[in-house]
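Report on the following structure.
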Amino acid sequence: MSKIHADHPEKGVLFICAAVFLFASSDALSKYLTNFYPVVMVLWVRYMVHIALMLAVLRPPSLHTLLVTKNPKLQIIRGLCMVNTNLMFISALHFIPLAEGTAIIYLSPLIVTALSVPLLGEHIARTQWIAVAIGFIGVLFIVRPGGSLFHPVALLALGAALSFSLYQIITRKLNHTDSSSTTNFISGLVSALVTSLLLPFFWKTPTPYYVLLMVLLGVSALVSHLWMTKAYQHAKPSTLAPFSYTQLLFAGLIGYVFFDHIPDFMSLVGMLIIVAGGLLVFSRINYK
């Protein structure tokens, strides 16, 4: 467990804001790239860069040290959840706006709260159940009958949120047995293997320009995770939670600048409702 330097929470806030900005930028770049290349191919390059950079940054004495785990089955399932989340979410972003897609994926803290009862045996207070209900009401505002997102493809984003929630629950379990380096490396390795198996069916030779963008995507994705880890070394989760939602703001701005999209009023209301539900969960965890 990383030590928290509570005397410098402002550093944690800066790192969390920088991390979620990179998350939003990575999603936008993925959305752009899928206009020219299959999602599987974009993710394959991303995961290969992920593995190469982790080996370069961590410089383990041997590859074996990163692969030693006390729970290989859960590690593999976590990796499958990670690649499934990205496959579904980026596929959804190919069709739906960045801000709305990001809002739907932010249901995950609420889904984690609901699933922690059957999967982790945790007790959930009434306030937290109310927060879960609030979050799903927010999604109904975004994906509403008559709205532009009332389409089956929105189910991909919802599926990504569910898969990401399972990923987080498994991560919570693995934190008790394995190091974060091992967990992140094995997940990247599993994701790389899955996309490698699928790659022959989706291969399309990229130009040097798009290879550069795909490599940049891999670098951005890894740096964002490293900065997220740094943030939690400097501040408590309850301090950082409100600032993590700035990703919605960044996604909206990037979506406007690069994709000429502005969320409509009802979608904005839905996003605010989802944020309110998420913050209610975090506040309950902080003060119970």
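The values are calculated or read from the model by the stated rules, or taken from the named source; none is laboratory data. Everything quoted here is computed from the prediction, not taken from an experiment. When we count neighbours, we look across all protein chains shown, and the Cβ atoms used for this are built from the backbone with ideal geometry, even at glycine. The protein model used for the area step is the full one, side chains on, heavy atoms only, and it has no ligands, DNA or RNA in it. Shrake-Rupley method; radii C 1.70, N 1.55, O 1.52, S 1.80 Å.
Quick notes
- Stokes-Einstein diffusion coefficient of region 87-172, Kirkwood radius over Cα pairs, 10 °C, 1.306 mPa s, in µm²/s: 119
- Note on K70 and A52: the extension gain reaches 4.1 nm, defined as 0.36 nm multiplied by sequence separation minus the Cα-Cα distance.
- DSSP loop chymotrypsin sites (Phe, Trp or Tyr not before Pro) with at most 16 other Cβ within 10 Å: longest gap in the chain: 204-288
- Relative contact order for region 3-129: 27 percent, from Cα pairs under 8 Å spaced at least 6 residues apart, divided by residue count.
- Heavy atoms of D178 accessible to a 1.4 Å probe, total area in Å² rounded to 10: 20
- Mean shadow area of region 164-224 over all directions, Cα convex hull, nm²: 5.4
- Structure remark: mean-square fluctuation, Gaussian network model of the chain, C-alpha springs under 10 Å; the largest value among H234, H94, H176 belongs to H176.
- Global geometry of region 1-128, whether rounded, prolate or oblate, following the gyration tensor of its Cα atoms and the 1.5 cut on a/c: rounded
- Compared with the direct C-alpha span, the chain from L120 to L193 gains 23.4 nm at full extension, assuming 0.36 nm per residue.
- Of N184, L222, S30, farthest towards positive along the dipole that unit charges on Lys, Arg, Asp, Glu beta carbons give the chain: N184
- Projected area averaged over orientations for the chain, convex hull of C-alpha atoms, nm²: 15.6
- The Cα-based radius of gyration and maximum Cα-Cα distance (Dmax) for region 187-288 are 18.5, 54 Å.
- With the simple model of a label 7 Å out from the Cα in the direction of the Cβ, N35 to Q233 spans 3.8 nm.
- Solvent-accessible area of E122, all protein chains in place: 70 Å² (probe radius 1.4 Å, heavy atoms, ligands and nucleic acids excluded).
- Taking 0.36 nm per residue of sequence separation and removing the Cα-Cα distance, the L253/L216 pair yields an extension gain of 11.3 nm.
- Helical contribution to [θ] at 222 nm, DSSP H n ≥ 4, -39,500 (n - 2.57), averaged over the chain, rounded to 500: -26500 deg cm²/dmol
- Region 79-213: relative contact order as a whole-number percent, Cα under 8 Å and 6+ apart: 42
- For the chain, built as a Gaussian network whose Cα springs stay under 10 Å, the top-fluctuating residue of V143, V117, V45: V117
- Estimated at the nearest 10 Å², the accessible area of M271 is 20 Å² with a 1.4 Å probe.
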